[in-house]
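Everything on this sheet refers to the single structure shown next.
The values are calculated or read from the model by the stated rules, or taken from the named source; none is laboratory data. Nothing here was measured: the structure is a model prediction, and the numbers come from that model. Cβ coordinates were reconstructed from backbone atoms using ideal geometry, including for glycine residues, and neighbour counts include every protein chain displayed. Accessible surface is based on the protein model in full, side chains and every heavy atom, while ligands, DNA and RNA are left aside. Shrake-Rupley method; radii C 1.70, N 1.55, O 1.52, S 1.80 Å.
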Amino acid sequence: MDLSSRSKILSWLREEDSAKLELFYDAANRFRKKQVGDEVHLRGLIEFSNHCVCSCTYCGLRVENRDLERYRMTPEEILSSARNAKSAGYGTVVLQSGDDPRTTTDWMSNVIRNIRTETGLAVTLSVGERTREDLAAWREAGAERYLLRFETSNKALFNRIHPRRPGQGRDRFEVLRDLRNLGYEVGSGVMIGIPGQTYEDLAQDIDLFRELDLDMIGVGPWISHPRAPLANMPCASKQDQVSNNEEMVYKVLALTRLVCPLTNIPATTGLATINRDSGRELGLDRGANVLMPNCTPLRFRRLYEIYPAKVCMDETEDACQSAMRDRVEAMGRTIGVGPGPSRNREARIRN
Ligand code: 5AD
């Protein structure tokens, strides 16, 4: 399929003919199978702190949200969740948090070292816009992967939804470059349907996925949070504003697979939240090859409310996890064994 130009990407984003879209999704699914096979890799997600100093206008963890009870797991609690992830058969844990100043260089390094030594699991970090020194120390401590979504490539829109405190934060593309230079597998991604996001913006995001040669790409719908002000921000004109509906997420998933053949692409929690019954399966059917089961202890999990009504909040951890396995196998796909490294990176090294 020819997606070499921005205008081709744009026309698929605008496509509304459901028969054509079905064929398009089939093509993305076949391409996924050819490029990365039938394995679905499971990454255990540990949301270790919901403290955050940022004011991102979409996020329920924003510092202004005083209605949220804050928590920070201890290193021992994190290690115990990692042990659970290992027993559940996952090869990787993703340590995610708000932008928490108590996550110091040494604290995080120790957590990473303990997990590496005790469990041998691959460690992925998702802890925000940190300094090059922190990223280097954590790589040294054994973290191999890092996720930082750029959220949108439209600079004006990015700045509007990320009010800056003076002197804080780093340009995310600069962080992504640092991560690559430090030898991390690099993950990024965007939200779909941000008020003010146009089709052109989203087509540019997808073009950028290709350019950045990412190892992992996570995309999900923007979901309105009642304690976050983004819902009241102006939208683009009716014909330009991207919708945050399910169909749009599938279009972006399929396009992402087609322009980034070897990348690891999760069917995200955001997608599962807007279609609880089959969002994950449909995502896996339309380009995705990764799932991220939540391994955060339940008492903390309900407090990690970046958006409302997240899935897997009231099930027991085990039910959530085994359901995922069963559903993958029922689709005729297999569960990936081991850490499931980036094939993109392997290709980069070969060349
Ligand atoms: N809706 C959708 N995605 C959100 N995120 C944060 N808040 C929301 C929301 N309200 C996403 C951002 C962030 C990731 C961890 O979660 O893309 O990078």
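Database remark: amide H of residue 51 closer than 5 angstrom to the amide H of 71, 98 (H placed geometrically; neighbours at sequence offset of 5 or more, or on other chains; Pro and chain starts carry no H). Once Rg and the Kirkwood radius are both taken over the C-alpha atoms of region 51-191, their ratio Rg/Rh works out to 0.97. Considering region 6-350, its Cα convex hull presents a mean projected area of 16.2 nm². Using a/c under 1.5 as the rounded threshold, could you call region 1-107 rounded, prolate or oblate? The axes a ≥ b ≥ c are square roots of the C-alpha gyration tensor eigenvalues, and prolate needs a/b larger than b/c, oblate otherwise. It is oblate, given that a/c is not under 1.5 and a/b is not larger than b/c.
Which whole-number percentage describes the relative contact order of region 84-215, with Cα contacts under 8 Å and a sequence gap of 6 or more? Result for region 84-215 is 23 percent. The apolar share of the surface of the chain, taken as the fraction of accessible area on carbon and sulfur atoms (1.4 Å probe, ligands and nucleic acids excluded), comes to 49 percent. Taking only the Cα atoms of region 246-339, the radius of gyration and Dmax are 13.6, 40 Å. Averaging the Cα positions of each part gives two centres, and for region 1-18 and region 28-99 these lie 32 Å apart.
Between 216, 272, 282, the Cα set farthest toward the positive side of the dipole of region 149-300 (charges on each charged residue's Cβ, about the Cα centre) is that of 272. Full extension of the chain between residue 39 and residue 132 yields a length gain of 30.1 nm, computed as 0.36 nm times the residue separation minus the alpha carbon distance. Stokes-Einstein diffusion of region 59-118 at 10 °C, 1.306 mPa s viscosity, Kirkwood radius from Cα pairs, rounded to a whole number: 121 µm²/s. The relative contact order of region 6-350 comes to 25 percent, based on Cα pairs under 8 Å that sit 6 or more residues apart. Only Lys, Arg, Asp and Glu carry charge here, each on its Cβ (+1 for the first two, -1 for the last two); on that basis the chain has a dipole of about 460 debye about its Cα centre. Solvent exposure of the chain, expressed per residue, is 42 Å² of accessible area, with all protein chains present and a 1.4 angstrom probe. Cross-link check: pairs 8/33; 34/155; 8/238; 8/155 evaluated at a Cα-Cα cut-off of 28 Å; pairs beyond the cut-off: 34/155. For residue 310, the aspartates and glutamates whose Cα falls under 14 Å of its own Cα, not counting residues fewer than eight places away in the same chain, are 47, 277. Taking label points 7 Å from Cα along the Cα-to-Cβ direction, residue 322 and residue 107 give a separation of 3.6 nm.
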